[in-house]
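The values are calculated or read from the model by the stated rules, or taken from the named source; none is laboratory data. None of these values were measured; they are calculated from a predicted model. A quick note on method: Cβ atoms are made from the backbone with ideal geometry, for glycine too, and the neighbour counts reach across all protein chains shown. For the accessible areas, the whole protein counts, side chains as well, though only heavy atoms, and no ligand, DNA or RNA atoms are used. Shrake-Rupley method; radii C 1.70, N 1.55, O 1.52, S 1.80 Å.
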Amino acid sequence: LAPQGGFKPYLRNLVDQGIIEIVGYSTIVVFSHDLIQEQVYEGIPVKERQQLHSDIGISLGSKTSLDVSCEHKTIDAAIEQLYLSDVSDNEDSVTDVSSLVSIATSQINNAGPEFFADRTQHTRFASWNLRAGKDAAEHSSFRAALHYYKHGIAFLGDALWLEDTYELCLKLYEGASFSSSALGEISQISMYANGIINNVKFEDSLVAEHLLIGSISVSGQCKEAVARGLAVLRQLKFDIPATPSPMVVMQTMNQTEREASVYNFSQIADFQRRVDPKTRNVMKLVDAISAACYQIASPFLPLVACVTVRFSLQNGVCEESISAFVIFAYFQVFLKQSFDQGRHWANIAKNMLEKASAEGPVTRARFLLFSFVNFWYVPLQESSNHMQKIHDLSLKVGDIESAYMAQCLRFKFLFFQGERLSSLSHSADTYLQSMARFSIGSAKFTALDKEMVDVLAGNKSSNPYAIFNGKICNKESILADAQSKMHFQIVEGVHLQNFFVSFWMGDYDEAVKASDIAMSFPSAKMPKVQLVYHIFYRGIVAFHLYRDGEGEKWLNEGNDMQDQVEVWVKNSKPIFENKLILLEAEHYASMCNVVAAKESYELSIKVARDNGYIHEEGLAYECMGKYLTSIVEVRDAERCFMSAHKCYMQWGAVAKADKLWKDWDLSSSTECIEISTIKHKRDE
């Protein structure tokens, strides 16, 4: 846009006075100071300023295809259609065009709707803002996107929801609602979503319902979100029983399996993306409802998954329907204890994900698959890596709830795999502040886990609840709030935290009390990584209480826990093998089988070490030390306790290590004990 020869020959006087500077081969003019620019700008009469903004915006807009309708195109297609006369088709050129679109639109917005008297111009520039908003959202600039969508709505003014502006208005409101969701601004999500719901036909409100239900859930009103979601599904003629009894749930699952059995694996996994928009929007809606159902352990969750799988098979399997298949796999494991069927449906979902693009609903499906299903079959490190990838991808596409839920689960996976506690503490500090702003549920769970890490590490100066700015002071206030709102997952989470802390610090009586309370909630039976470790630790507690003379029931419970882990070990030896062997050692110790007990303790230590579970290596050493003490093999017991102490220190559990040292008076031992694995005698 610079004249031939640049600007300098025409503006030499202003340059000499120090008012402006000319850079970039005499093609760019800038004021030498912001205050000078502000003074000059304010000195221009308002009408003249508006005219300048209008002229600049329209001139720049003419260099693009802003006035070419993209109403029926995808965002990608719309961006591809933008052009400048002198640019190539490379990625940098697309970026240049996108920037010009935003600059042109911003100039028009600076002129303001009141400057343009013609309603046709209002509609034209509302369309410009829609284009600029889509472009900003495509580049994950959701604050900028919301800015453009708001201006687009302002340009329509009194022409909102008229016949000739209906589609444009709907797209602007949907964009504003989605961008508000990506920014975690719940009140604005509600405002724009309700603006749609109150003014459009029911079938056009599904996207708004999806965003509104998601925002209600994120705000902590999961019960209300589920109720609203079920009402919408029933309005769509989904057959969801009013009373989700266990019999109804199992019948529905069996019916779904029968209907799905007519399709082979490749037919379902090799889905077609050309599915009508209504079907996709229904699937997005189900995605939000499922998330709310899970938060409160709603018995409607398997029913929603089943009817959605059937609906998808009948109307077209698409990216947005993957979550339903993941949830169906989840309930194969949970309700039917069928790990093979769970793996089968999980593999179908995984295959579908590999062919899907990186869009919001798919990030949620990825989260569900790798956090609640896939972890049964792969090492915990792999699951934690997936959570980090999902977090990063979800933030990019504006699915902030999935992003922070993934980070919350990543923290749990890392803790249970034995990640160094100082590293975990740093990771929690990195994300907690953002979680508290954008995902209050994830923040509560992570604060509880951070407190557990601090207790084990002996970090008394840390206060993970400070991020809530006085609204939540400790876990007791989290518990009280969750109980009042019937958020069973959080209530269960508080008591499970008490159980894990009590277990590791050796207070088995308190551990049992916390465990009993946690397991009294319906959500406690739902498969998740915490359940695995609760059963493992509860089994150890049970065998110890039996040997302490607390009664036969504890032996029976210990055996039950051992049987459960034996089922799991078939799915993933790296996760479960050392745990099963340690429970077998505890069983043999309870049966007074000294030789088998020692061999199993030693083997559990070796397998834990081979898999990098430093905390469980320490636990096996500690359990063996307690057993050897009970049969008066004091010197070998001391070696075990010293080895356990070393493992706990390497883990970073300083408070746990100190307690072990004091409980067993290890400082009184003057013999230099080589910390090593006790000789393995299994093959002798």
Along the charge dipole of the chain, which of Leu421, Ala403, Ala482 sits closest to the positive end, that is, farthest toward it, with unit charges on the beta carbon of Lys, Arg, Asp and Glu (+1, +1, -1, -1)? Ala482
How large is the accessible surface of Ile197 in square angstrom, using a 1.4 angstrom probe and rounding to the nearest 10? 40
Entries of Lys389/Lys606; Lys412/Lys606; Lys513/Lys626; Lys284/Lys444 with Cα pairs more than 29 Å apart: Lys389/Lys606
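Only four residue types carry charge here, +1 at the Cβ of Lys and Arg and -1 at the Cβ of Asp and Glu. Report the dipole size of the stretch 193-238 about the Cα centre in Debye, rounded to the nearest 20.
Using only the charged Cβ atoms, the result is roughly 160 debye.
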Pairwise FRET efficiency - Ser422 versus Glu476, Cβ, R0 = 25 Å, nearest 0.05: 0.40
Leaving ligands, DNA and RNA out of it, rank Thr165, Thr27 by accessible area with a 1.4 Å probe, largest first. Thr27, Thr165
Convex hull volume per residue in cubic angstrom - Cα atoms of the stretch 89-188: 99
P(r) over all Cα-Cα pairs of the stretch 225-338, 5 Å bins from 0 to the longest distance, whole percent per bin, short to long, reads 2, 12, 24, 26, 21, 11, 4, 0
Alpha carbon Rg of the stretch 276-353, scaled by the compact-globule rule 2.2 N^0.38 Å: 1.03
Sulfur and carbon atoms: percent of accessible area, the chain [1.4 Å]: 52
What's the magnitude of the charge dipole for the stretch 101-146 around its Cα centre, counting Lys and Arg as +1 and Asp and Glu as -1 at the beta-carbon? Answer in Debye, nearest 20. 80
Working from the alpha-carbon coordinates of the stretch 298-441, get Rg over Rh, Rh being the Kirkwood radius. 0.99
Rg and Dmax in Å for the stretch 532-624, alpha carbons only: what are they? 12.1, 35
Taking H placed 1.01 Å from N in the peptide plane, check which residues at least 5 places from Ile20 or on another chain put their amide H under 5 Å from its amide H. Val15, Ser32
Given 20 °C and 1.002 mPa s, how large is the Stokes-Einstein diffusion coefficient of the stretch 126-170 in µm²/s, with Rh as the Kirkwood radius over Cα pairs? 206
Solution diffusion estimate, µm²/s, Stokes-Einstein, the stretch 610-650, Kirkwood Rh from C-alpha pairs, 37 °C, viscosity 0.692 mPa s: 331
Between the residues Asn374, Ala288, Ser102, the Cα farthest towards the positive end of the dipole of the chain, that dipole coming from +1 and -1 charges on the beta-carbon of Lys, Arg, Asp and Glu, is from Ala288
To the nearest 10 Å², what's Lys389's accessible area with a 1.4 Å probe? 140
Please compute, for the alpha-carbon atoms of the chain, the extent along each of the three principal axes and give them in descending order in Å. 98, 66, 46
So the compactness index of the stretch 343-398, its C-alpha Rg divided by 2.2 N^0.38 Å, takes the value 1.07
Per the C-alpha gyration tensor (a ≥ b ≥ c, the square roots of its eigenvalues), the stretch 575-662 is rounded if a/c is under 1.5, else prolate if a/b beats b/c, else oblate; here it's oblate
On Cα atoms only, tilt of 277-295 relative to the major axis of the chain in degrees: 40
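With the cut-off at 1.5 for a/c, could you classify the stretch 438-535 from its C-alpha gyration tensor as rounded, prolate or oblate?
Taking the square roots of the gyration eigenvalues as a ≥ b ≥ c, the stretch 438-535 is oblate.
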Given a 1.4 Å probe, how much area per residue of the chain is accessible, in Å²? 44
Sorted by accessible surface (1.4 Å probe, heavy atoms of the protein chains only), largest first, Glu552, Glu633 come out as Glu552, Glu633
In debye to the nearest 20, the charge dipole size for the chain, taken about the Cα centre with +1 at each Lys and Arg Cβ and -1 at each Asp and Glu Cβ, equals 680
